[in-house]
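Peer 1: First the structure, then my questions, so here it is.
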Amino acid sequence: MALVVGAAGVIGGNLVEHLLSDGTWDVIGLSRRGGTDGDHVRHLSVDLLDEVETHDKLGSLAEVTHIFYAAYQDRPTWAELVGPNLAMLVNTVRAVEAVAPGLEHVSLMQGYKVYGAHLGPFKTPARESDPPHLPPEFNVDQQQFLEDAQRGKSWTWSAIRPSVVVGFGLGNPMNLALVIAVYATFCKRLGIPLRFPGKPGAWTSLIEMTDAGLLAEATVWAATTPECANQAFNINNGDLFRWDEMWPVLAAHFGIDTAAPLPMSLEVAMADKEALWDEIVAEHQLQPTPFSAVSSWIFGDFVFAWDYDVFADGSKARRLGFQRHVDSRAMFLEVFGDLARRRIIPTG
């Protein structure tokens, strides 16, 4: 039985879908919002920061064999991220470990922050063996907790490090595909070109992405492959691109032109766009999705500010047997198409 922690997010939601499609897993999804139960899946709403509530609600999960941890809570500063994000992992693992004698593996979702990618130009390609940087960094604290907790135990752990994860998901603070899709929808509605809003250096720097479906496959692979025990893995699509080449492809999908990049804060530029979003939803008879659920503007500003190369060496996973690659251009277009099919954004 798989316990997916953070099941309402882009990563967790796609992981639940992948596990169910495999046909061999029963899944329990944890999130603050809960979810819709179905065949072989049920959801629990849990405040993981509440140790007592976590132990109470997870106290009956004796059949759990694998914990897939992908929960995250945002905070204003890097230092403030450590406390809550470490506490949620600790509360989850301790609660399950206490009642699940058959626990085999704990999978931890991390990212390139381990390498300092969020701080500025860092060594690329980043490798799993690279030395740590000066704290605070909650990903490092989480991994250290797992390493310490696992000693002398029969279960193992893995740390999965994707780049920017692209896939379907609403109400998530880190959803780049939705940022681009809604931004492009506004530009089309207003009859203006889609301008790259990031820093000038970001326009030509090398970057890579991680498809949410590929990430789900790799996460389960690492959790069920003995040779992967107690190790970290970079997981990426396997290709690199620059926004100056990718941006026209994305604009063409929405049938709009591009123009010269214009650095601007999307958070600021979108502050008055809720009424426009509501108009678009009504005109195109879209799903009644609140503007807050499609607004990851702070994250968009964060990614588009990377005026340095952001990529890592993903060969370690491939050397051990995970061979799948994804074309990043096709990935973006597929996610945009999925958003239109779900009637989150207009078609055409």
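Peer 1: Using a 1.4 Å probe and counting only protein heavy atoms, arrange Asp56, Asp50 so the residue with the most accessible area comes first.
Peer 2: Putting Asp56, Asp50 in descending order of accessible area: Asp56, Asp50.
Peer 1: If I fit a long axis through the Cα atoms of helix 138-150 and take the longest principal axis of the Cα atoms of the chain, what angle between them do I get, 0 to 90°, rounded to 10?
Peer 2: The angle comes out near 20 degrees.
Peer 1: Please report, as a whole percent, how much of the solvent-accessible surface of the range 165-250 comes from carbon and sulfur atoms (probe radius 1.4 Å).
Peer 2: In the range 165-250, the share of accessible area belonging to carbon and sulfur is 56 percent.
Peer 1: In the chain, how many lysine pairs have Cα atoms under 25 Å apart, counting only pairs 8 or more places apart or on different chains?
Peer 2: 9
Peer 1: I've got another one for you. How about the range 47-141: which trypsin sites (Lys or Arg not before Pro) there lie in a loop by DSSP and see at most 15 other Cβ atoms within 10 Å?
Peer 2: Here the sparse-neighbourhood loop sites are Lys123, Arg127.
Peer 1: Give the carbon-plus-sulfur fraction of the accessible surface of the range 75-163 in %, rounded to a whole number; probe 1.4 Å, heavy atoms of protein chains only.
Peer 2: 57 percent
Peer 1: Normalised by the number of residues in the range 34-95, what is the relative contact order in percent for Cα pairs under 8 Å and 6+ residues apart?
Peer 2: 35 percent
Peer 1: Shape of the range 269-348 from its Cα gyration tensor (a ≥ b ≥ c, root eigenvalues): rounded if a/c is under 1.5, otherwise prolate when a/b > b/c, or oblate?
Peer 2: oblate
Peer 1: Using a Gaussian network for the chain with springs between C-alpha atoms less than 10 Å apart, which of these wobbles most: Val310, Val164, Val281?
Peer 2: Val281
Peer 1: To the nearest 10 square angstrom, what accessible area does Asp74 show with a 1.4 Å probe?
Peer 2: Counting only protein heavy atoms, the figure is 90 Å².
Peer 1: Please give the Cα centre distance for the range 3-47 versus the range 123-167, rounded to the nearest Å.
Peer 2: Going from one Cα centre to the other spans 23 Å.
Peer 1: Oh, and also: Give me the accessible area per residue for the chain, probe 1.4 Å, as a whole number in Å².
Peer 2: Heavy-atom SASA per residue in the chain reads 42 Å².
Peer 1: Of the accessible area of the range 254-348, with the probe set at 1.4 angstrom, what percent is carbon plus sulfur?
Peer 2: 54 percent
Peer 1: Would you mind telling me which residue in Gln143, Gln110, Gln287 has the biggest mean-square fluctuation in a Gaussian network model of the chain, where springs connect alpha carbons within a distance under 10 angstrom?
Peer 2: In the Gaussian network model the winner is Gln287.
Peer 1: I've got another one for you. Please calculate the 1.4 Å probe accessible area of Ser60, with all protein chains present, and give it to the nearest 10 Å².
Peer 2: 90 Å²
Peer 1: Okay, moving on. What accessible area, in Å² to the nearest ten, does a 1.4 Å probe give for His55?
Peer 2: That residue has around 70 Å² of solvent-accessible surface.
Peer 1: Considering the chain as a Gaussian network with a 10 Å cut-off on Cα pairs, which listed residue, Pro200, Pro101, Pro76, attains the greatest mean-square fluctuation?
Peer 2: Judging by the Gaussian network model, the answer is Pro76.
Peer 1: Still on this structure, please answer the following. Among residues other than Asp26 whose Cβ falls under 9 Å from its Cβ, what is the net charge (Lys/Arg +1, Asp/Glu -1)?
Peer 2: Local net charge: 0.
The values are calculated or read from the model by the stated rules, or taken from the named source; none is laboratory data. These figures come from a predicted structure and were not determined experimentally. Because the Cβ atoms are built from the backbone with ideal geometry, glycine has one as well, and the counts that use them run over all protein chains shown. Side chains included, ligands, DNA and RNA excluded: accessible areas come from the protein's heavy atoms. Shrake-Rupley method; radii C 1.70, N 1.55, O 1.52, S 1.80 Å.
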